[in-house]
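Peer 1: Dropping the structure in here first, questions after.
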Amino acid sequence: MNEPYKSYSVDEAKRKLEYYCSYQDRCHEEVHQKLRSLNMIPQAIDVIMAHLIEHNFLNEERFACSFARGKFRIKNYGRRRIVMELKAKGISKYNIDTALKEINDNDYIDSFNALAEKQWQSIAERNVLKKKKKLADYLLRKGFESHLVYDKMSVIDIEG
C-alpha cells in the first residue's frame, strides 16, 4: 500500500505507469485517475500521458477493442451495454464503432441464443408470462437490443 504522502519524480511515475499500462490495456481516464492518485501535478500528468501515448503504452482504440471483445466473450454483454460502459469511460464514438466491429454478427446471435436458452432453463417461475418477463429483463440488462429480445420472446410462445 502507498504511504499517504509519497511523492514520485516524473521518471518514477513514468516507469510505474508504463507497467500499469503494459499489464492491461487502459483508457485515458483510468491512467489520468491513477496519476492523480499518485499526487502528480497537472503539468507532470500531461508529460507522462504524452509519453505513454507516444510509446504506445496507451492507445484508446486498442483499449476499446479489447474491452469489447472481453466483455462480450467473458461476461456475455450485448452491444448496448458495451457501448454504455465505453461511453462512461469517455471513449470516442469513432473508437466505440471500431470496437463493435470486433464482435462477429454470427457469434453475437449464437451467444445471445445460447444465453437466452440457458437463462430460460434456470428460471424456476411456473407462470410462463412471468418467466418470459424475467428472461426479457435479464437479456435487456445484459445489453442486448430490444428487437432481439422481443423476437426471442415471440419464438418462445411458439416453442412454449
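Peer 1: Name the helices (runs of 4 or more DSSP H) wholly within segment 16-131 that hold at least 3 residues that are of a type in the set (Gly, Ala, Ser)? Break it down into steps so the answer makes sense when it comes.
Peer 2: Values: elements: 28-37, 42-54, 60-75, 79-88, 93-100, 105-122.
Helices (runs of 4 or more DSSP H) meeting the threshold: 60-75, 105-122.
Peer 1: If residue 80 meets every condition in (1) modelled with pLDDT of 95 or more; (2) within 18 Å of residue 25 (Cβ to Cβ) apart from one, which number is that one?
Peer 2: Failing condition for residue 80: (2).
Peer 1: A further question follows. Could you tell me which of the residues 88, 64 is outside the structural domain of residue 149 (by TED's automatic domain parsing) and either under 21 Å from residue 107 (Cβ atoms) or crowded, with 16+ Cβ neighbours inside 10 Å (or both)? Break it down into steps so the answer makes sense when it comes.
Peer 2: Working: 88 fails: either under 21 Å from residue 107 (Cβ atoms) or crowded, with 16+ Cβ neighbours inside 10 Å (or both).
It is 64.
The values are calculated or read from the model by the stated rules, or taken from the named source; none is laboratory data. What you see is a predicted model, and the numbers here were worked out from it, not measured in a lab. Neighbour counts are summed over all protein chains in view; Cβ atoms, including those assigned to glycine, are modelled from backbone coordinates with ideal geometry.
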